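The values are calculated or read from the model by the stated rules, or taken from the named source; none is laboratory data. Everything quoted here is computed from the prediction, not taken from an experiment. For neighbour counting, all protein chains shown are included, and Cβ atoms are generated from backbone atoms with ideal geometry for every residue, glycine included.
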Amino acid sequence: MRIGVVFPQTEFGHDQAAVRDFAQAAEAAGYSHIIAYDHILGANPNRPGGLSGPYTHESAFLEPLVLFSHMAAVTRRIEFAPGILILPQRQTAVVAKQAATLDMLSAGPLHEAMFWDGYEDKTAVRAGRWKLVNNQGKVELFDLEADPSEKTDLAARQPETVAKLRQTFEEWKKGNAPRIGKGPANDEGGGGGRGKKKKK
């Protein structure tokens with residue numbers, strides 16, 4: 001069994017020494033990986049309509065891939081896993097380059113599977129060129145290299161790929177805590193949903 005630890009984003013703030021000490025202590029304690037969550041732009045609770053989420057514009061969140069690069073420089077074997085990485089707010093090629101660079105400069109291989117466990121039985125997994133989407137029981141498979149706009153469903157023509165990705169998702173799901181609450185606020189801004197997970 002692999003057991004990881006969650007990096008306390010809001011508790012440490014921007015204390016560089018605390019980040020280093022946390023990573024080294026997690027490795028020394030025998031944890032297999034460190035998880036960090038993503039939160040790019042926080043909302044002001046005094047904005048029109050208010051805000052009921054747990055984080056605001058004053059919450060200290062370090063960018064996960066940059067954070068992991070720093071941790072990789074002060075550790076030797078521990079792996080890293082973004083619990084959530086909000087891809088729509090990033091340029092795709094830059095994320096791929098950052099992940100590849102982190103892989104090259106750190107100790108282990110990067111696991112390139114990405115997962116999403118949303119509300120109302122909506123889930124997805126991406127591994128390599130393939131993306132499997134389950135929308136309330138309707139399963140769709142897309143080849144993102146040949147079809148980046150996801151217009152052609154290949155599920156019926158690629159049953160083995162569908163089965164493999166389903167197994168990959170179920171294995172990942174067993175090793176993660178259940179999603180908290182329901183609704184889009186919990187899946188993205190609230191930090192209660194599962195999201196992209198990469199391991200070094």
Quiz prompt | Complete set of residues in the stretch 63-93 that are of a type in the set (A, V, I, L, M, F, W, C), assigned to a helix (DSSP H, G or I) and under 18 Å from ALA127 (Cα atoms) | solution = LEU87, ALA93
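For the stretch 97-194, which strands (runs of 3 or more DSSP E) that fit wholly inside it have 1 or more residues that are at pLDDT 90 or above? Even if it seems obvious, please write down each step before you answer.
Details: elements: 113-117, 122-127, 130-135, 138-143.
Because the criterion is at least 1 residues that are at pLDDT 90 or above, the strands (runs of 3 or more DSSP E) in the stretch 97-194 that meet it are 130-135, 138-143.
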Practice problem: Considering only the stretch 1-49, state which residues are surrounded by 15 or more Cβ atoms within 10 Å (Cβ to Cβ) and without any contact (Cβ under 8 Å) to a residue 24 or more places away in the chain. | Solution: PHE22, GLY42
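Considering every residue within the stretch 35-49, establish whether at least one is among the aliphatic types (A, V, I, L, M) and under 22 Å from ILE3 (Cβ atoms). It would help to see each step written out before you state the result.
Residues of the stretch 35-49 that are among the aliphatic types (A, V, I, L, M), as a first pass: 35-36, 40-41, 43.
Filter again for under 22 Å from ILE3 (Cβ atoms), leaving 35-36.
Looking for residues that are among the aliphatic types (A, V, I, L, M) and under 22 Å from ILE3 (Cβ atoms), one finds at least one in the stretch 35-49, hence yes.
Kindly check whether there is at least one residue in the stretch 95-108 that is touching a strand residue (DSSP E or B) at 6+ places or on another chain (Cβ under 7 Å), surrounded by 14 or more Cβ atoms within 10 Å (Cβ to Cβ) and not acidic (Asp, Glu). Write out each step before concluding.
We begin by selecting, within the stretch 95-108, every residue touching a strand residue (DSSP E or B) at 6+ places or on another chain (Cβ under 7 Å); these are 108.
If we keep only those that are surrounded by 14 or more Cβ atoms within 10 Å (Cβ to Cβ) too, we end up with 108.
If we keep only those that are not acidic (Asp, Glu) as well, we get 108.
Yes, there is a match, as at least one residue in the stretch 95-108 is touching a strand residue (DSSP E or B) at 6+ places or on another chain (Cβ under 7 Å), surrounded by 14 or more Cβ atoms within 10 Å (Cβ to Cβ) and not acidic (Asp, Glu).
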Quiz item: Out of the stretch 1-38, which residues are at pLDDT 85 or above and assigned to a loop (DSSP other than H, G, I, E, B)?
Solution: ILE3, PHE7, PRO8, ASP15, ALA29, GLY30, TYR31, SER32, TYR37, ASP38
Exercise. Among what's in the stretch 122-148 and is among the aliphatic types (A, V, I, L, M) and farther than 18 Å from LEU87 by Cβ, pick the residue that is surrounded by the fewest Cβ atoms within 10 Å (Cβ to Cβ).
Key: ALA146
